[in-house]
Amino acid sequence: MEESTLKATASAPAKIILCGEHAVVFYEPAIVMAIDKQAYVTVEARSDQAIYIKSRNLGVSGRYERGRFKLGVGGGAAKSKLDPIRIAVEKTLELAEKKMGLNVLVDSDIPVAAGLGSSAAVAVATIAATGKLLETSLSKEKICSIAYEAEKTVHEQPSGIDNYISTYGGITIFRRGEKFTPLEARANVILVIGNTKVSRSTGLLVRHVSELKEAYPKVINPIIKAIGRISVSAANALQDGELKRLGELMNVNHGLLYALGVSSEELDQLVYAARRAGALGAKLTGAGGGGCMIALVTPDKLEKVRRAIRRAGGIAMLAKKNDRGVQVWEEK
Ligand code: PMV
């Protein structure tokens with residue numbers, strides 16, 4: 001990479017959806033929480049006009065110059081993995097009305113294609129770091145809306161939930177197209193994430209639900225509505241500090257997601273293992289089809305649930321709430 005004098009770095013958190021995924025695409029509410037896994041992006045100026053992107057966690061790199069892509073490492077899939085990052089950079093340059101070459105370094109401790117919002121966290125951090133380097137003051141609202149544009153290139157009809165929570169942090173009830181309002185949760189939400197290690201495509205799963213809805217509207221529409229109602233009841237349970245109620249609602253939500261065809265054998269195995277080990281509730285999180293599930297636990301059951309998820313073949317991680325959202329800093 002070429003030398004430069006100015007650098008900016010930003011971090012942005014991953015997320016879990018407590019309830020409401022898929023229904024949220026159809027304007028039903030969902031509850032989402034930012035967690036303590038982060039993406040980090042460092043951006044520095046180049047002396048030429050190229051945009052060089054290297055993603056450490058994806059193991060790919062490449063360079064965009066005069067509309068052409070030149071592969072660094074990572075084979076045929078590299079370009080499609082790097083394109084959303086390039087779009088985030090270009091949209092920020094456009095907004096700042098600047099033309100310049102940049103090196104973009106991505107690092108992340110968020111599992112990829114696992115339902116934890118890795119692509120949105122990378123987009124949010126990329127935009128914030130690029131904005132800082134260009135000395136353009138970007139509001140959170142602006143960062144969030146540019147990230148949404150980048151997310152659209154990852155899957156066709158994102159609800160915007162991932163870029164939203166990654167920008168603002170905390171826990172909230174999200175409604176597509178509405179403004180951010182934090183949720184006052186009285187309860188301490190302790191979650192164990194179980195990763196099935198099966199990767200999947202959010203776009204395909206969202207399309208599957210759309211097709212099912214079109215084929216059987218009278219059956220599927222009430223399921224989607226019921227999921228929205230779960231989110232409203234779960235928000236009340238959180239505000240009242242009623243974790244047992246929240247757990248029950250999560251279980252019902254998993255059943256409805258199963259009915260929509262977005263669970264998988266691996267997810268179900270982890271969900272049942274966590275419930276048997278004493279979780280208050282367990283469900284898939286994100287698009288499903290593989291990826292991750294979450295188990296709501298009390299402190300005394302945490303270790304037991306973690307072990308049960310591991311024994312059932314998953315990777316178990318503890319998830320804590322991240323209140324800060326996107327953070328950015330500059331190095332001279
Ligand atoms: O991409 P994931 O797995 O984090 O899922 C996002 C949640 C969905 O509701 C399935 C899609 C969306 O855009 O809201």
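In order along the range 29-43, phi translates into HN-Hα couplings of x, 9, 10, 9, 9, 6, 10, 7, 10, 10, 9, 10, 10, 10, 10 Hz, rounded to whole numbers, per the Karplus curve 6.51 cos²θ - 1.76 cosθ + 1.60 with θ = phi - 60° and x for Gly and Pro. Here the extension length gained between K152 and V198 equals 14.3 nm, from 0.36 nm per residue of separation less the Cα-Cα distance. For trypsin sites (Lys or Arg not before Pro), the sites in the range 161-223 that DSSP calls loop and that have at most 14 other Cβ atoms within 10 Å are K179, R186, K197.
Summing Cβ point charges (Lys, Arg +1; Asp, Glu -1) relative to the Cα centre of the range 190-320 gives a dipole of roughly 220 debye.
In order along the range 49-54, the Karplus-derived 3J(HN,Hα) couplings, from 6.51 cos²θ - 1.76 cosθ + 1.60 at θ = phi - 60°, round to 9, 7, 10, 9, 10, 10 Hz, and Gly and Pro are given as x. Both radii were evaluated on the Cα set of the chain; the Rg over Rh quotient, with Rh as the Kirkwood radius, amounts to 0.99. Near the amide H of L18, within less than 5 Å, lie the amide hydrogens of I31, V32, M33, all on another chain or at least 5 residues away, with H placed in the peptide plane.
Let me check against my output: what whole-number percent is the relative contact order of the range 45-96, with C-alpha pairs under 8 Å and at least 6 apart? Don't skip to the answer; put the middle values down first.
Values: 55 pairs, mean separation 13.7, N = 52.
Normalised by residue count, the contact order of the range 45-96 is 26 percent.
Per-residue 3J(HN,Hα) values for the range 114-120, derived from phi via the Karplus relation 6.51 cos²θ - 1.76 cosθ + 1.60 with θ = phi - 60°, read 10, x, 9, x, 4, 5, 5 Hz in sequence order (x marks Gly and Pro).
Multiply the residue gap between S47 and R66 by 0.36 nm, knock off their C-alpha separation, and tell me the result in nm, one decimal place. The partial results should precede the final answer.
On the way: separation 19, 0.36 × 19 = 6.84 nm, distance 1.48 nm.
Working it through step by step, the gained length comes to 5.4 nm.
Per-residue surface analysis assigns Y272 an accessible area of about 120 Å², computed on protein heavy atoms at 1.4 Å probe radius. Ranking T181, T196 from most to least accessible surface, computed with a 1.4 Å probe over the protein chains only, gives T181, T196. For the range 190-320, the Cα gyration tensor yields ellipsoid semi-axes of 25, 19, 10 Å (square root of five times each eigenvalue, largest first, whole Å).
The listed peptides 318-324, 21-27, ordered by packing as a protection proxy, come out as 21-27, 318-324 (highest mean of other Cβ atoms within 10 Å first). Calculated [222 nm] ellipticity per residue, helices only, for the chain: -13000 deg cm²/dmol; basis is -39500 (n - 2.57) per DSSP H run with n ≥ 4, divided by all residues, nearest 500. Which aspartates and glutamates does K197 reach when only Cα atoms under 15 Å apart count, and residues fewer than 8 places away in its own chain are ignored? Result set, ordered by chain and number: D109, E265, E266, D268.
Across I315, I51, the residue with the most accessible area heads the list, and the full order at a 1.4 Å probe is I315, I51. Comparing S263, S108, S137 in a Gaussian network model of the chain, where Cα atoms under 10 Å apart are tied by springs, the biggest mean-square fluctuation is seen for S137. Summing Cβ point charges (Lys, Arg +1; Asp, Glu -1) relative to the Cα centre of the range 1-121 gives a dipole of roughly 400 debye. Taken about its Cα centre, the chain carries a charge dipole of about 580 debye when Lys and Arg each add +1 at the Cβ and Asp and Glu each add -1 at the Cβ.
The values are calculated or read from the model by the stated rules, or taken from the named source; none is laboratory data. Quick caveat: nothing in here was measured; it's all calculated off a predicted structure. Backbone-built Cβ (ideal geometry, glycine too); neighbour counts: all protein chains shown. These accessible areas exclude ligands, DNA and RNA; they are computed on the full protein's heavy atoms, side chains included. Shrake-Rupley method; radii C 1.70, N 1.55, O 1.52, S 1.80 Å.
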